[in-house]
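Trainee: Below is the structure I would like to discuss, written out as C-alpha cells.
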Amino acid sequence: MSSFLDIVLRAMFVENLALVFLLGMCTYLAVSRKVETALGLGLAVIAVQTITVPINNLVYQMLLAPGAMAWAGLGEIDLSFMKFVTFICVIAASVQILDLLLERYAPVLHRALGIYLPLLTVNCAILGGSLLMVQRHYSFVESLAFGLGSGAGWALAIIIFAALRERLRLCDAPGGMDGLGLAFVVTGFLALGFMGLSGLVS
Amino acid sequence: MNFFKYLSDPLINENPVMVQILGLCSALAVSRSMEPALIMAMSVIAVLVFSNVVISLLRSVIPRSIRLILEVIIIASAVIVVDELIKTFAVEVSEYLSVFVGLIITNCIILGRAEAFALGHGPLDSFADALGNGLGYAFVILIVSAARELLGAGSLFNVNLLPLLEDGGWYRPNQLMLYAPSAFFLIGFLIWGVRSMHIFQVNKSTHRLPRHL
C-alpha cells in the first residue's frame, strides 16, 4: 500500500507532468486566465488521466507488449510499435464516453468542463502519461496510482498558475513582456519552486 | 509567389512557437543540448511536411465529421516511422528523447497546420507552409538549446567551447541551465524580444497579436 502512495506523491510533486516534464504546456498557458476554468480543466485531466493510463496499461499488457499475445497462441508477435496509434484511439474513445456519461448523469459538471473535455484528446500530458507508464513498466495497480497522481499534479500546477496569473493582470509590465512573456517567466519560477520538492519521496 | 510567402512568414513573423504559441512542450523539454534538439527538429519537420501534404491531397475526400480522427491517424503513422528510424540510427538520442518523439502526435503545430491550412490549400502550398512552420520551430528550439548547452555545459554539439573549471579552464557551468525552469526563462525572453519588435513595427495594422494570451 505504501508503494501506491509513493507513486501518487512522486507523480504529483517530484515528477510533476507540467512543471518537470513540461507536458501539456499549450493548454496550460491557454486555459489559465481564470482560476475557475483552470479548476474545471484540472478536474477533467484528473478524471481522464486516471481512466486512460490504467486502460492503456491493460491494452499494452494484453495485446501490444512483446509476447503479450501468448494467450492467443501468438507469443512471438511484438506489436509495441503500434502503441502510439492504439493509445491515442483509446484516449479519444474514453474521452468521448466520459463526455456522454457526464452529459447524461452529471450535467452540472459537464457544463463546468465545457469544451475542455474533448480537447484533452490532443493534450500531450494525457498521451505522455500513458507513454511514461509503458517506459517504466508499471503494473496495473501502479499505473492506476500513476494516472491519479500525475493528473492531480497537473491540475495542481494549472490551478496555482491561474491564481498567480489573475494577480499578474494588475501589474504593469513592459510592452512586449506583458501577457505571454511574463507567463513564461512566472512558470519558470514555479518550476524552480517544484524542484525544491525533489527530495520529498526517496 | 505565394509559395515563398507561405514558406517565409512562419519563420519569425508568424513563428509557431513564439507567436502562435503552439508546440511548446517539446520545444521546452528537449532543448537541453543541441544534438537531440536537432534530431527532434528534423523529426517534427518530417512529420509536419508528410502530414500536411497527405492531408492536403485527401482534403476533398475526408468527411468533415471524422476528419480529426483521420488526421491524428495520418500523423501517428508518420510518427511511428520516424520513431523506428531514430531508434535504429540514433540509439542514445532516442533514449534521451524518450516519450517526446511519440508526443509529436499531440504536438499542436502539426494538427494546427492541418486544420488551419492543409484542409483549405493545395499540396504545393501546404508543403511550403509545413516546411516554413517546421523551420520556425527548428529555429526556436535550436536557439534555446544552443544557449542552454553553451551556458550549462560550456559546449555545442558536445564539442567543448568554453574551457571548464574542472578541466583547468575558467568557465564554471551554470547548472540551472540544465534544468527545466531555464527553458521557460529563455523562451519568455525570446517572446519578449519578438513581441517588442512587433510593437515597434511601423506597419502595425497587418499584424494583430493575440494580446489576450
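The values are calculated or read from the model by the stated rules, or taken from the named source; none is laboratory data. Quantities reported herein were computed from a predicted structural model and do not represent experimental measurements. Here Cβ is always computed from backbone atoms with ideal geometry, including for glycine, and neighbour counts include all displayed protein chains. The accessibility values were calculated without ligands, DNA or RNA, using every heavy atom of the protein model including side chains. Shrake-Rupley method; radii C 1.70, N 1.55, O 1.52, S 1.80 Å.
Trainee: Of all residues in segment A:118-134, count the ones that are touching a residue at least 40 places away in the same chain (Cβ under 8 Å) and open to solvent by 20 Å² or more (accessible area, probe 1.4 Å).
Mentor: The total comes to 1.
Trainee: So, one more: Look through B:56, B:51 and report the one residue that is modelled with pLDDT of 80 or more, crowded, with 20+ Cβ neighbours inside 10 Å and either facing chain A (nearest Cβ under 9 Å) or under 24 Å from residue A:93 (Cα atoms) (or both). Give the derivation first.
Mentor: Working: B:56 fails: either facing chain A (nearest Cβ under 9 Å) or under 24 Å from residue A:93 (Cα atoms) (or both).
Selected residue: B:51, the only one of B:56, B:51 that is modelled with pLDDT of 80 or more, crowded, with 20+ Cβ neighbours inside 10 Å and either facing chain A (nearest Cβ under 9 Å) or under 24 Å from residue A:93 (Cα atoms) (or both).
Trainee: Restricting to segment B:178-192, what's the tally of residues that are more than 9 Å from chain A (Cβ to nearest Cβ) and open to solvent by less than 30 Å² (accessible area, probe 1.4 Å)?
Mentor: Qualifying residue count for the region: 0.
Trainee: Just the residues that are within 20 Å of residue B:17 (Cβ to Cβ), aromatic (Phe, Trp, Tyr) and open to solvent by 10 Å² or more (accessible area, probe 1.4 Å), please, taken from segment A:1-44.
Mentor: Residue satisfying the conditions is A:21 alone.
Trainee: Open to solvent by 20 Å² or more (accessible area, probe 1.4 Å) and touching a Phe, Trp or Tyr at 6+ places or on another chain (Cβ under 9 Å), is that true of residue B:124?
Mentor: Working: open to solvent by 20 Å² or more (accessible area, probe 1.4 Å): yes; touching a Phe, Trp or Tyr at 6+ places or on another chain (Cβ under 9 Å): yes.
Yes, satisfied.
Trainee: Find the residue count for segment B:94-136, including only residues that are under 15 Å from residue A:127 (Cα atoms) and not hydrophobic (A, V, I, L, M, F, W, C).
Mentor: Residues flagged as under 15 Å from residue A:127 (Cα atoms) and not hydrophobic (A, V, I, L, M, F, W, C) within segment B:94-136 amount to 4.
Trainee: Keeping to segment A:79-117, report how many residues are within 23 Å of residue A:27 (Cα to Cα) and open to solvent by 70 Å² or more (accessible area, probe 1.4 Å).
Mentor: 8
Trainee: Same structure again: In this structure, is residue A:75 in contact with a helix residue (DSSP H, G or I) (Cβ under 8 Å, 6 or more places away or on another chain), open to solvent by less than 60 Å² (accessible area, probe 1.4 Å) and either in contact (Cβ under 8 Å) with a residue 24 or more places away in the chain or not acidic (Asp, Glu) (or both)?
Mentor: yes
Trainee: A further question on this structure: So which residues in segment B:93-130 are among the aromatic types (Phe, Trp, Tyr) and either farther than 15 Å from residue B:31 by Cα or free of Cβ contacts under 8 Å to residues at least 40 places away in the same chain (or both)? First the steps, then the outcome.
Mentor: Within segment B:93-130, the subset among the aromatic types (Phe, Trp, Tyr) is B:96, B:100, B:117, B:127.
The answer is B:117, B:127.
Trainee: Looking at segment A:35-48, which of its residues are at pLDDT 85 or above and within 14 Å of chain B (Cβ to nearest Cβ)?
Mentor: Within segment A:35-48, A:45, A:48 meet the criteria.
The rows are residues; the columns are (1) over 30 Å from residue B:165 (Cβ atoms); (2) in contact with a Leu (Cβ under 8 Å, 6 or more places away or on another chain); (3) part of a helix (DSSP H, G or I); (4) open to solvent by 10 Å² or more (accessible area, probe 1.4 Å).
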{"site": "B:69", "(1), (2), (3), (4)": "yes, no, yes, yes"}
{"site": "B:75", "(1), (2), (3), (4)": "yes, yes, yes, no"}
{"site": "B:94", "(1), (2), (3), (4)": "yes, no, yes, yes"}
{"site": "B:97", "(1), (2), (3), (4)": "no, no, yes, no"}
{"site": "B:105", "(1), (2), (3), (4)": "yes, yes, yes, no"}
{"site": "B:119", "(1), (2), (3), (4)": "yes, no, yes, yes"}
{"site": "B:135", "(1), (2), (3), (4)": "yes, yes, yes, yes"}
{"site": "B:147", "(1), (2), (3), (4)": "no, yes, yes, yes"}
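Trainee: May I ask you to verify whether residue A:144 is free of Cβ contacts under 8 Å to residues at least 12 places away in the same chain, hydrophobic (A, V, I, L, M, F, W, C), away from chain B (no Cβ under 14 Å) and open to solvent by 20 Å² or more (accessible area, probe 1.4 Å)? Steps first, please.
Mentor: Values: free of Cβ contacts under 8 Å to residues at least 12 places away in the same chain: no; hydrophobic (A, V, I, L, M, F, W, C): yes; away from chain B (no Cβ under 14 Å): yes; open to solvent by 20 Å² or more (accessible area, probe 1.4 Å): yes.
For residue A:144, the condition - free of Cβ contacts under 8 Å to residues at least 12 places away in the same chain, hydrophobic (A, V, I, L, M, F, W, C), away from chain B (no Cβ under 14 Å) and open to solvent by 20 Å² or more (accessible area, probe 1.4 Å) - is not met.
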